[in-house]
Every structure is written in C-alpha cells, then in structure tokens.
Amino acid sequence: MAIVLCKECRQEISSRAKACPHCGYPLEEEKDAFDDIEGKKKEHPFDEERKKTEDSQKQKNHPSRPGPHGPPGPLASPADSKATTGMVLAIVGLLLPIPLIDIVLAIVGITMGSQAQKMPNLRRRGQATAAIVIGVIALVVNVSYWFFMV
C-alpha cells in the first residue's frame, strides 16, 4: 500500500482507497480513450503499423543479411589497422614541434603505409597511400628544418 495525494483536495490517502475519505473524489483509474466498456485495453490504431515498421527494421538489420556494402565482416583487418596507424603517425610526425621525434614518426608512418599497401586484404588503400604521402611530406619538412636551422 502506498500513500498518494488526492487530485482534488491534495490530502494524503491510501492508494487502495476507491474514493478520497476527505472530499469523496473517486480514485478509480480513469478510463483511457482506447479502453473498451469492460475496461480492457484496446490497441491503439497505430500500434499495428508501428509493429510492422519495427519488424521490417529488424529484418534489415539482421546480422545474417548482407549490408549495403556486402556481407558483414570484421570491423578492421590487420592491413586496415596498419594503414590507419601509419597515417596517424605520419600526421603526428608532420604536426609535432619536436624535429627529431618527427623524423622517426614520419619514417614509421611511411613504413607502415607501404607494408599495408602490400597486404592482400586491405580495404583502406587510400589511408595507406595517405600515410606514405604525409610521411614523406613530414620527412622533407623536418629534414629541411634540421638542414637550414641547425
């Protein structure tokens, strides 16, 4: 049993009471617009359409069905991971303001990008190429910095 407030007089009353003992306000649940005469819940007219939409979404997203780009597979192959890592290292090598570490990062980025290019299951060939290109740019910028500034 819980204590609730009467909607009419705002006095505390039992949730099991049929009417408020203070003001007589009936506490029975108000009938919903979609309840029938016996008080049984009827389905909302849009429930059937909503269920059909949900079922079609479940079928579309079912793991056994191929997606828009082919059948589902692993999130990233080792070649894809190597290409992404190479590109990130090359970008960091280009932007980091510590020239000696930049050169090392650029070389590692170039190496990882070229290794990823040679792997057979690479789906992110553009990232591997970007790792090589950005790594070469970072290497040229940092070596020229060392050549002209030191």
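Between the amide H of C20 and those of Y25, L27, distances stay under 5 Å, these residues lying 5 or more places away or on another chain, with hydrogens modeled in the peptide plane. May I ask for the net charge around S77, where only other residues with Cβ less than 15 Å from the Cβ of S77 are counted and Lys, Arg are +1 while Asp, Glu are -1? In short, +4. If R0 is taken as 30 Å, the Cβ-Cβ distance between F147 and V88 corresponds to a FRET efficiency of 0.70. Take every Cα pair under 8 Å whose residues are at least 6 apart in sequence, average their separation, divide by the length of region 78-149, and the relative contact order is 42 percent.
We did not get these values from a lab; they are worked out from the coordinates using the rules stated. None of the values given here were measured: they were computed from a predicted structure. Glycine gets a Cβ as well: all are built from the backbone with ideal geometry, and neighbour counts include every protein chain shown.
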